[in-house]
1. Taking a cut-off of 15 Å between Cα atoms, list the aspartates and glutamates near LYS98, but don't count ones fewer than 8 places away on the same chain.
2. Separation between the GLU94 and ASN326 pseudo-spin-labels, each 7 Å from Cα along Cα→Cβ, expressed in nm?
3. Find the centroid of the Cα atoms in segment 150-220 and in segment 112-128, then give the distance between the two in whole Å.
4. Quick one: helix 351-364 against the long Cα principal axis of the chain, what's the angle to the nearest 10°, folded into 0 to 90?
5. Give me the distance in nm between label points sitting 7 Å out from Cα along the Cα-to-Cβ direction at SER218 and GLU253, one decimal.
6. Relative to the compact globular guide of 2.2 N^0.38 Å, what is the alpha carbon radius of gyration of segment 338-397, as a ratio?
7. Going through the cross-link list LYS236/LYS421; LYS44/LYS180; LYS44/LYS236, which pairs have a Cα-Cα distance over 24 Å in this structure?
8. Based on the Cβ-Cβ distance from LYS421 to ARG5, what FRET efficiency comes out when R0 is 22 Å, to the nearest 0.05?
Amino acid sequence: METARMIQTMAEGMSDELTSLRRSIHARPETGWLEMRTSAIIAKRLLDLGYEVLTGEEAVCPEARMGVPDDETLRSHAAAVLAQEGTPVEALTEAMQKGLTGVVGILRCGEGPVVALRFDIDALGMVERGDHDHRPAREGFSSRNPGMMHACGHDGHVAIGLGTAEVLMGIRENLHGTVKLIFQPAEEGARGARAVTAAGHLDDVDYFLGSHVAPTDSLDDGDVTAGTWGSLATTKLDVTMSGLAAHAGGYPEKGKNALLAAASAVLSLHAIPRHSDGQSRVNVGILHAGTGRNVIPDQAVMQVEVRGETTEINCYMAEQARQICNGAAMMQGCECTIAVVGEAESQHSDEALIQRVVDTVRRDMPDLTLSSEQNARNWGSEDISVMMNRVQSHGGQATYMRFMTPMAGAQHTVGFDFDEKVLPMGVRVFSTMVAELLKGDAQ
């Protein structure tokens, strides 16, 4: 209990610092594999605290990344980051500038279990509201990076992660084991966790904890939801139809209509027979094609996603999608190229670790309330599933928590914001759980 009180004092004492950090990250949002300034800030802070810090190829496996921006986008963003006020240039490595973002901080405290904590760090490709009714705009910390916005709370996750790092370093004499703080890039679109996992960081982990800020609702009716389950497995596909241009009036028979192939595919994708074993989803979110009304379109590009209640159902949906796209292309004499640019699996939290969270909150954080549903259903998709499944595959335990906070605007909308009082609470929960798991008798 003494350690828990120490953690509470430290977490509550850094409230202003956490708010300032969150707002700095919010003002310079970076989408997947472009989190260069964000990664540099994280790396510098962890080094200053005394952590062993892994970046670049030590943090992520380059070949396992998905949906990486092209070289010109990487170069352009790196140049902008180098010129931005507040960028810790000394920590901005060449690897980060090439899209090897993400940071792993390691704290070794002798013999004992290995605990990993995950904090996602990327933003969304959205334009943030700029009117006076939107608090970030009103108080001067709205996005300054065009077309990017922290609309899901990952800026808060970075702040919680770095606050937790500071607290754990302060109580390291009470810890027996190893802590890994994983600051994961490219969660949006399910592109980054597989690269972190492929680098081997989860292979020796005994306990894995992640979290997400969330609004209070009928399931998440407390301060903390100890676990979640059921997030949908998903596959993100970029589909390109390549045909042959021709004059639409003079020689239409000489063309191969890529737009028509794509349109046929769109209709058939949304008509995939649903699987009898559980929920499934499909969506074509973007379709670009054509150069003019009198030209047979020679190229069409679609952004497609499928989801499934289980990994197996998602595989069924993905295979059906591939067959449909290839068949639609063949009917129009076109070529079809399909690239997987994101992937996540189905997920569940371990009941034993959920109960450990519940018991720890009740004993050491009695001022916090637990949601009445201790293991809430998650209908979204999250690539934390890849990490959790790797830990569970070798006998470790994992849970994905939620920290509730009032929100202005729904997540993934241009008016999103949240109450920053959740930041010290998140630090407190993570730090207290690590102290519980590494107290010396948690074998």
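All of the numbers you see were taken from the coordinates with simple rules; none came from a lab. Owing to the predicted nature of the structure, the values given are computational and were not obtained by experimental measurement. All Cβ positions, even for glycine, are placed from backbone atoms using ideal geometry, and neighbour counts span all protein chains on display.
1. Qualifying aspartates and glutamates at Cα under 15 Å: GLU30, GLU35, GLU57, GLU58, GLU63, ASP70, ASP71, GLU72.
2. That separation, rounded to one decimal, is 4.1 nm.
3. 5
4. With rounding to tens, the tilt is 40 degrees.
5. Here the answer is 6.1 nm between the modelled labels.
6. On the way: Rg = 14.9 Å, N = 60, 2.2 N^0.38 = 10.4 Å.
Cα-based Rg divided by the globular estimate yields 1.43.
7. Working: LYS236/LYS421 35 Å; LYS44/LYS180 16 Å; LYS44/LYS236 33 Å.
Beyond 24 Å between Cα atoms: LYS236/LYS421; LYS44/LYS236.
8. Numbers: r = 19 Å, r/R0 = 0.88.
Working from the Cβ atoms, E equals 0.70.
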